[in-house]
Amino acid sequence: MNNIISVFRSAIKAEDVRRKLLFTAFIFLVFRIFAHIPVSGVDVVSLKRLFSQNQFLGLLDIFSGGTLANFSVMALGLNPYINASIILQLLTLVFPKLEALSKEGEQGRQKINQYTRMLTVPLAALQAIGMYALLRSQGIIGFLTPFYLVSFVLTMTAGTMLLVWLGELISEKGIGNGISLLIFAGIVGRIPVIFGQTASTVNAQNLTNILIFLVMGLIVISSIVFMNEATRRITVYYAKRVRGNKIYGGQSTHLPLRLNQAGVIPIIFAVSLVLLPSLVSQYLTASPSDLFKNIGYFVSSLFNPNGVLYNSFYFLLVVGFTYFYTAVIFNPKKIAEEIQKYGGFIPGIRPGTPTAQFLNYVLTRITLAGATFLGVIAIFPSIALMITKVQTLLLGGTGILIVVSVVLETFKVLEAQLVMRSYEGFVK
């Protein structure tokens with residue numbers, strides 16, 4: 001904590017870093033202003049009632065930065081952009097040209113970012129059409145003309161692209177990753193509302209449960225910090241090489257393997273599947289057919305967010321997607337080839353294929369710990385509700401994970417900025 005305070009004080013004193021912090025705060029202000037500009041023709045009261053019954057929309061609200069609950073012009077938020085980024089990452093593994101482009105440094109990254117933005121537009125339009133269909137089936141939208149549908153889709157898509165642009169401005173001229181910071185701002189912006197609702201229901205009977213919930217929250221935050229920073233260090237030695245009259249190498253270093261390689265991405269994948277039955281049941285229960293209504297009620301009761309079946313399925317999906325995404329972003333074979341290329345080796349392990357097998361062996365076992373942790377975080381709201389019976393304080397484990405991760409990464413960026421500034425002063 002003292003380290004964080006000292007870093008922040010040093011950042012405030014440094015003029016260039018302070019300018020970046022002020023710019024980031026200004027973008028936050030612009031974002032919150034747009035978050036309160038509503039889309040015409042939407043019954044907000046009925047919409048909030050729908051949100052209280054549908055966790056899928058609650059998840060989308062997290063990634064929209066809290067704009068979906070108000071149904072502002074940015075209601076779709078960053079979800080289409082996040083999906084486009086995931087699709088591009090997967091396509092990089094399939095198409096060699098995209099893989100080569102990702103290795104071309106800054107120019108290649110800019111090209112991939114451009115492709116991501118281009119893919120975001122059709123994804124946002126499709127999601128806007130789906131949102132329109134959902135709201136229309138629930139009687140929340142009053143205008144049903146084709147012209148309104150076109151204007152609705154254009155407004156939603158433009159709002160998403162504006163939000164992406166604001167995030168990229170923060171990444172370019174502010175501090176940290178702009179997309180993550182906007183999601184962080186949306187989650188944090190809802191915390192006063194959550195505590196306000198809880199304070200209005202406090203009494204002697206549930207005060208103890210609220211205190212238990214807060215203690216559990218602190219334990220979860222500490223666990224997230226520990227898991228984000230935890231690494232398995234593998235020692236790597238580099239042999240001595242003689243070039244001319246100079247000797248290179250002969251040093252040892254370590255290869256850090258993070259316990260949580262995948263971050264929050266597996267939860268995003270898993271929740272999209274596990275909450276899909278709830279979304280389908282919303283359509284079925286609004287159907288005029290009694291058969292479809294009964295099917296919708298059955299599916300809704302079977303996949304009750306607080307039920308054992310739902311949470312068990314959710315947990316297993318998170319574990320499975322953690323292994324899948326870790327395999328996507330970490331290639332032991334390539335790492336082994338890079339180590340061998342520069343004359344390195346792991347003690348007791350032969351270079352090449354044996355090194356790749358060893359890295360895969362270690363990664364498989366440490367990923368189990370990370371996957372289990374993410375699974376517990378994903379079902380944390382249900383665990384907290386079961387223990388404390390407090391419903392108004394249920395900020396999801398996904399939201400807590402995002403908030404803590406963004407804070408840690410942002411302060412790392414601040415430290416890097418301060419260190420870079422010190423080196424520039426030393427060179428001058």
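The values are calculated or read from the model by the stated rules, or taken from the named source; none is laboratory data. Keep in mind the model is a prediction, meaning the values are calculated, not measured. Here Cβ is always computed from backbone atoms with ideal geometry, including for glycine, and neighbour counts include all displayed protein chains. Ligands, DNA and RNA are stripped out before the accessible areas are found, and what is left, the full protein with its side chains, is counted by its heavy atoms. Shrake-Rupley method; radii C 1.70, N 1.55, O 1.52, S 1.80 Å.
Is one or more of the residues making up the stretch 389-397 surrounded by 22 or more Cβ atoms within 10 Å (Cβ to Cβ), within 21 Å of the chain's Cα centre (by Cα), modelled with pLDDT under 85 and in a helix (DSSP H, G or I)?
Checked against the condition, which is being surrounded by 22 or more Cβ atoms within 10 Å (Cβ to Cβ), within 21 Å of the chain's Cα centre (by Cα), modelled with pLDDT under 85 and in a helix (DSSP H, G or I), the stretch 389-397 yields at least one hit.
Counting just the residues of the stretch 98-118 that are open to solvent by less than 50 Å² (accessible area, probe 1.4 Å) and touching a residue at least 24 places away in the same chain (Cβ under 8 Å), which one comes out farthest from the chain's Cα centre (by Cα)?
Across the stretch 98-118, the extreme among qualifying residues is 112.
I'd like the full set of residues that are open to solvent by 60 Å² or more (accessible area, probe 1.4 Å), out of contact with any strand residue (DSSP E or B) (no Cβ under 8 Å at 6 or more places or on another chain) and closer than 18 Å to residue 189 by Cα, limited to the stretch 23-41.
26, 29, 32, 33
In the stretch 287-312, what residues are buried (at least 16 other Cβ atoms within 10 Å of the Cβ), within 18 Å of residue 273 (Cα to Cα) and among the hydrophobic types (A, V, I, L, M, F, W, C)?
299, 303 - these are the residues of the stretch 287-312 that are buried (at least 16 other Cβ atoms within 10 Å of the Cβ), within 18 Å of residue 273 (Cα to Cα) and among the hydrophobic types (A, V, I, L, M, F, W, C).
Can you find a residue that is modelled with pLDDT of 80 or more and in a helix (DSSP H, G or I) anywhere in the stretch 265-285?
Taking every residue of the stretch 265-285 in turn, at least one turns out to be modelled with pLDDT of 80 or more and in a helix (DSSP H, G or I).
Can you tell me which residues in the stretch 298-337 are among the hydrophobic types (A, V, I, L, M, F, W, C) and more than 22 Å from the chain's Cα centre (by Cα)?
If the condition is that a residue be among the hydrophobic types (A, V, I, L, M, F, W, C) and more than 22 Å from the chain's Cα centre (by Cα), then 298, 299, 302, 303, 308, 309, 335, 336 are the ones that fit.
So that you can scan it fast, the table gives a plain yes or no per residue for (1) in contact with an Asp or Glu (Cβ under 9 Å, 6 or more places away or on another chain); (2) modelled with pLDDT of 70 or more; (3) among the β-branched types (Val, Ile, Thr):
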position: 7; (1), (2), (3): yes, no, yes
position: 28; (1), (2), (3): no, yes, no
position: 35; (1), (2), (3): no, yes, no
position: 39; (1), (2), (3): no, yes, yes
position: 57; (1), (2), (3): no, no, no
position: 61; (1), (2), (3): no, no, no
position: 72; (1), (2), (3): no, yes, no
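Quickly run through the stretch 122-146 and pick out the residues that are surrounded by 15 or more Cβ atoms within 10 Å (Cβ to Cβ) and either in a loop (DSSP other than H, G, I, E, B) or free of Cβ contacts under 8 Å to residues at least 60 places away in the same chain (or both).
123, 124, 125, 127, 128, 131, 132, 136, 138, 140
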